[in-house]
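Accompanying notes for the structure given below.
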Amino acid sequence: MTFTIRERRQQVAEFLKMQGRVALSVVAEATGLNRSSVHRHRQAIERAEQHPESGWWESTVGYQWLVRLVIAVVYHFGIKQGVGAESLSAFFKAIHLDTHVGSSPTALRQLKHRVEAAIVDYDSAQAEDCQPIEGQGVWLGSDETFFGLPILVLMELASGFIFSEVETEERTYTTWKSQLPAGWDSAGWRCHALVSDEARALIKLATTGLGTVSVADLFHTLRNLGRPLGRSLGQSLAQVEKQAQHLLHRLSQVADDETRTALQAQYDAVIHQQQRVIDDQHRYRQTRQTISLSVHPFDLETGEWQLATDLSTRLSALLPALNTLATDYGGAAAAAAVATFERQIPALAQGVHAWWHWVSQALSAQTQDPEVQSWVLTVLLPWLYWSQQADKTRTPHLKHCYRQAASEAFDAVMAAELTVTLQPEALESWIQWGRRMCANYQRTSSAVEGRNGYLAQRHHVSRGLSPQALTVLTILHNFDLQRPDGTTAAQRLFGHPFPDLFESVLSTFTELPRPRRSSSSQQPNPWHSQPVSA
């Protein structure tokens with residue numbers, strides 16, 4: 001049986017631990033090694049054991065845990081968080097591991113590349129299990145971020161699974177189309193909608209490349225309105241408040257009655273103008289909030305279905321107020337933003353229509369019972385949808401509205417006769433189905449925006465992203481990052497668990513790089529910092 005250098009060293013260390021310091025011949029006879037080998041290992045052990053805990057790393061169990069510790073630090077901090085090799089080297093030295101593991105920056109960079117290669121191998125090994133069920137529906141989101149060259153991100157929004165994340169020289173339709181996974185059509189995917197900022201290339205990708213509808217991203221829609229209108233309103237209010245404070249200060253210093261009367265009139269006019277701007281700002285915020293509360297497949301107040309025509313009518317009713325505000329604030333930029341919003345109303349409504357079409361098809365495949373279908377559509381789905389919205393939002397007012405709607409919908413669920421008559425297993429099955437379907441409706445590409453923010457941080461920390469690093473980060477996002485329920489993006493999309501990524505990578509490492517330091521290099525140099533005689 002052939003032993004590695006590490007295993008032979010562990011044999012010597014374990015024997016010395018039990019028997020103490022004995023003759024080389026005794027150790028050689030007990031371990032089956034020659035005397036010169038025993039001598040070298042004993043010297044290496046003595047050099048390494050410079051701290052009270054050092055002996056534990058020489059044991060089999062201790063070394064296995066040491067491998068886990070080092071790989072975990074490189075994996076979680078060096079790769080996932082972008083901590084540099086110099087910082088990792090300083091950390092390993094601080095916890096006294098530099099005498100047992102090659103922990104120089106160069107050695108750690110090489111180890112990091114090996115871990116990255118193992119991550120890529122893991123992704124290749126899971127390719128067969130990452131196949132969709134025939135006709136599996138997806139709701140995609142797409143956007144690009146820029147660090148010099150654009151990085152194109154295509155994500156399945158409900159699960160968070162990234163299909164494509166690559167750096168390219170351009171962002172045309174042809175480029176986007178080429179980034180679709182190989183065999184997209186033959187694999188069986190069925191895209192029901194693509195949410196984007198409505199760039200021309202992305203609209204064409206949806207309608208031509210994927211054969212689906214292009215849905216306007218509500219996040220970008222509200223942001224585009226806020227840039228000219230919200231900013232102009234805020235600036236106008238700040239200017240009026242500054243004028244009011246200035247006039248008030250002058251009033252406090254002027255004693256002449258005639259002058260005070262004139263200043264008072266100016267002050268009253270400014271206060272009136274201030275109140276008008278405040279009212280307009282409140283009207284603008286109410287309009288934005290109404291847009292946000294309206295773009296849902298259910299009516300927030302009644303809990304009933306909201307079709308595309310209903311949503312279009314509701315959003316169009318807000319245009320006069322927005323046009324009035326744009327006339328008074330923001331100028332041409334605000335008018336253009338309102339015009340863009342008006343053009344995007346059909347694209348916002350298309351998302352609701354596409355989801356209802358998907359739900360109807362999926363429900364028909366589940367059951368043909370009209371009573372059950374009506375119960376699912378009018379009773380169960382509203383409760384599940386508003387519950388999910390309440391859990392997702394962080395805005396206090398919106399959370400309150402969604403919770404109230406979810407509470408009323410839950411009362412309707414409990415009052416329905418079918419809820420009581422269904423078997424518990426069947427009821428639980430319908431709840432799980434409804435949750436998946438409600439999660440499929442996505443009105444923003446905020447998950448993609450969040451990903452872009454993470455990439456921006458990593459790009460800044462790492463001073464750039466190589467193609468290999470970007471590939472590794474994509475794999476980590478799909479197979480490593482977990483939501484509070486413990487599921488990964490790949491598990492949510494494909495419906496089954498995958499092997500733990502870190503444990504799979506760890507299993508490929510049994511040996512760590514050894515410290516490349518001679519015995520003399522570990523002793524202080526007596527000639528260091530000594531004066532040289534003339």
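The values are calculated or read from the model by the stated rules, or taken from the named source; none is laboratory data. Predicted model only: the values in this text are computed from it and were never measured. In this analysis, Cβ positions are derived from the backbone assuming ideal geometry, glycine residues included, and neighbour counts consider all displayed protein chains.
Since residue 461 meets every condition but one in (1) surrounded by 16 or more Cβ atoms within 10 Å (Cβ to Cβ); (2) touching a residue at least 40 places away in the same chain (Cβ under 8 Å); (3) under 30 Å from residue 78 (Cα atoms), which condition does it not meet?
Against the list (1) surrounded by 16 or more Cβ atoms within 10 Å (Cβ to Cβ); (2) touching a residue at least 40 places away in the same chain (Cβ under 8 Å); (3) under 30 Å from residue 78 (Cα atoms), residue 461 comes up short only on (1).
Evaluate the following for residue 250: is it basic (Lys, Arg), in contact with a strand residue (DSSP E or B) (Cβ under 6 Å, 6 or more places away or on another chain) and modelled with pLDDT under 90?
no
Can you tell which of 227, 223, 250, 276 is exposed (fewer than 15 other Cβ atoms within 10 Å of the Cβ) and under 18 Å from residue 445 (Cα atoms)?
Details: 227 fails: under 18 Å from residue 445 (Cα atoms); 250 fails: under 18 Å from residue 445 (Cα atoms); 276 fails: under 18 Å from residue 445 (Cα atoms).
Selected residue: 223, the only one of 227, 223, 250, 276 that is exposed (fewer than 15 other Cβ atoms within 10 Å of the Cβ) and under 18 Å from residue 445 (Cα atoms).
Would you point out the residue of the stretch 114-167, among those that are among the hydroxyl-bearing types (Ser, Thr, Tyr) and under 30 Å from residue 509 (Cα atoms), that is nearest to the chain's Cα centre (by Cα)?
164
For the stretch 128-178, give me every one of the strands (runs of 3 or more DSSP E) that falls completely inside it and has 2 or more residues that are in contact with a Gly (Cβ under 9 Å, 6 or more places away or on another chain) and either of a type outside the set (Gly, Ala, Ser) or farther than 17 Å from residue 198 by Cβ (or both). Before the answer, list the steps.
Values: elements: 137-147, 149-156, 161-167.
The strands (runs of 3 or more DSSP E) meeting that bar are 137-147, 149-156.
Can you name the number of the only condition in (1) crowded, with 19+ Cβ neighbours inside 10 Å; (2) not assigned by TED's automatic domain parsing to the domain that holds residue 469 that residue 139 fails?
Unmet condition: (2).
Of the numbered conditions (1) assigned to a helix (DSSP H, G or I); (2) at pLDDT below 90, residue 222 fails exactly one; give the number of that condition.
Status for residue 222: all satisfied but (2).
Considering only residues that are in a helix (DSSP H, G or I) and over 10 Å from the mean Cα position of the chain (by Cα), look in the stretch 439-461 and name the one that is modelled with the lowest pLDDT.
461
I'm checking my understanding of the structure. Among residues of the stretch 160-206 that are closer than 18 Å to residue 139 by Cβ and in contact with a Pro (Cβ under 9 Å, 6 or more places away or on another chain), which one is surrounded by the most Cβ atoms within 10 Å (Cβ to Cβ)?
189
Looking at the stretch 315-335, which of its residues are touching a residue at least 24 places away in the same chain (Cβ under 8 Å) and surrounded by fewer than 19 Cβ atoms within 10 Å (Cβ to Cβ)?
Step one: list which residues in the stretch 315-335 are touching a residue at least 24 places away in the same chain (Cβ under 8 Å), which gives 315-316, 318, 321-322, 325-326, 328-331, 333-334.
Correct list: 316, 321, 328, 331, 333.
Could you tell me which of the residues 304, 241, 258 is touching a residue at least 40 places away in the same chain (Cβ under 8 Å) and on the phi < 0 side of the Ramachandran plot?
Of 304, 241, 258, the one residue that is touching a residue at least 40 places away in the same chain (Cβ under 8 Å) and on the phi < 0 side of the Ramachandran plot is 304.
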